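The values are calculated or read from the model by the stated rules, or taken from the named source; none is laboratory data. As the structure is a computational prediction, the values presented were derived from the model and not from experiment. All Cβ positions, glycine included, derive from the backbone under ideal geometry; neighbour counts span all protein chains shown. To get the accessible areas, we keep the full protein, side chains included, count just its heavy atoms, and leave off ligands, DNA and RNA. Shrake-Rupley method; radii C 1.70, N 1.55, O 1.52, S 1.80 Å.
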Amino acid sequence: MTLYLRHYWKDERLVFPSTSNKSMTFDGRLVKKIWVPDVFFVHSKRSFIHDTTTDNIMLRVFPDGQVLYSLRITVTAMCNMDFSHFPLDSQTCSLELESYAYTDEDLMLYWKNGDESLKTDEKISLSQFLIQKFHTTSRLAFYSSTGWYNRLYINFTLRRHIFFFLLQTYFPATLMVMLSWVSFWIDRRAVPARVSLVAELKLDAAGITTVLTMSTIITGVNASMPRVSYVKAVDIYLWVSFVFVFLSVLEYAAVNYLTTMQERRERKLQEKFPCMCGMLHSRTMMLGGSYSESEANSLAGYPRSHILTEEERQDKIVVHLALSSESNSSKKKGLLKGQVGLRIFQNTHAIDKYSRLIFPASYIFFNLIYWSVFA
């Protein structure tokens, strides 16, 4: 912060006669010959008085001994910030002034006009913060070895600009999560298409075009922040988004695995009963609680005149039950245990169907809670 620090006090030793009651102005050379307050900035990391082209110091003395002492100073001071709501946070920073040598018994410091003592340029702005308000306070500070000192505070309330983080962090994270949902609309049998999409979502060291750019975004945000030991608001959003992306990849893996298991089971059944190969997709018979002898012959691929033995008929009917529709599977009470697994295999598309609803709804619900809590 660059500021004009102006001190006012009265020194009767500097009284001089004047008919016009005009003040006298001096530069910094006279400062070394009179008493001036030894004010310093508490918690200052670096401070300096501007000296171009000469020391930016002004001393103005009035006939009655009133003194105005003005300095142009740039101060880099420490501010204790809480980043638990970053980047949706507001911070209160203070600039503190105090006498270095004189205790409150020797020197009293106070603001001349209260909050009116602070005047700022209306065009002043910060790249990351909006200055909402500022006010003055004063209190005593105690040091065990030297005593009590008057301390003046300039308190600034800063509100962080969110638009930059929306463009650089929140929007990319949201788009990456939505991109991971594209696989839910790809046919489960179109494995090459789904694999190519997942390949797009693999980790890239540059972190530009992949879903695991989430990891790069997280790293980038934390790289510009102090190493705090608590979780920030942006961390919650990014890690939840990362979990959604990760779960969408797991959903693809589950669908692919179930589809593969279904195909393997169908191939084994076809190898075991080659006569059924031609009728798996061309004929599906809805069987009730019982079946007739002629139905068994027709199902097995034999003419109705051909009579199967009891053992052959049982084998063919069991095969048909394993490959029939869901409605037929639900009607067979005796094969319910084995059919539950088959229904999952045969309805892997249902996982995609539910994912199309659950994933977006859950993410929207999370966003509603997140922005209502932190915004």
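How long is the stretch 74-172 along each principal axis, judged by its Cα atoms, biggest number first, in Å?
Result, largest extent first: 59, 32, 20 Å.
Accessible area, 1.4 Å probe, largest first: how do GLU105, GLU266 sort?
Solvent-accessible surface, decreasing: GLU105, GLU266.
What are the ³J(HN,Hα) couplings of the stretch 232-242, residue after residue, when phi is run through the Karplus curve with 6.51, -1.76, 1.60 and θ = phi - 60°? Round to Hz, x for glycine and proline.
For the stretch 232-242, the Karplus-derived couplings read 9, 4, 5, 5, 4, 5, 5, 6, 5, 4, 4 Hz, x marking Gly and Pro.
So how far apart, in nm, are the two label points at ILE34 and LEU247 if each is 7 Å from Cα heading toward Cβ?
7.3
Would you list LEU175, LEU109, LEU247 from the most to the least accessible area, probe 1.4 Å? Mind dumping the intermediate values first?
Values: LEU175 110, LEU109 30, LEU247 75 Å².
Per-residue accessible area, sorted high to low, gives LEU175, LEU247, LEU109.
State in Å² the accessible area per residue of the stretch 88-162; use a 1.4 Å probe, count heavy atoms of protein chains only, and round to the nearest integer.
Here the per-residue accessible area is 66 Å².
How high is the relative contact order of the stretch 57-133, in percent, counting Cα pairs under 8 Å that sit 6 or more residues apart? Write down the numbers at each step before the final one.
Numbers: 30 pairs, mean separation 10.5, N = 77.
So the answer I get is 14 percent.
Taking the Cβ of TYR102 as the centre, find all other residues whose Cβ is under 14 Å away and add up their charges (Lys, Arg: +1; Asp, Glu: -1).
Numbers: positive: ARG151; negative: ASP38, GLU98, ASP104, GLU105, ASP106.
Once positives and negatives cancel, what remains is -4.
What is the packing order of peptides 123-131, 361-369, 58-66, taking the mean over residues of other C-beta atoms within 10 Å and listing the highest first?
58-66, 361-369, 123-131
Over the heavy atoms of HIS135, what accessible area does a 1.4 Å probe trace out, to the nearest 10 Å²?
HIS135 exposes around 60 Å² with every protein chain in place.
Using only the heavy atoms of the protein chains and a 1.4 Å probe, how would THR259, THR76 rank by accessible area, largest first?
THR76, THR259
Quick one: of LYS22/LYS119; LYS33/LYS119; LYS45/LYS123; LYS112/LYS133, which pairs are farther than 22 Å apart, Cα to Cα? Numbers along the way, then the final one.
Details: LYS22/LYS119 26 Å; LYS33/LYS119 30 Å; LYS45/LYS123 26 Å; LYS112/LYS133 19 Å.
As for pairs spanning more than 22 Å Cα to Cα, those are LYS22/LYS119; LYS33/LYS119; LYS45/LYS123.
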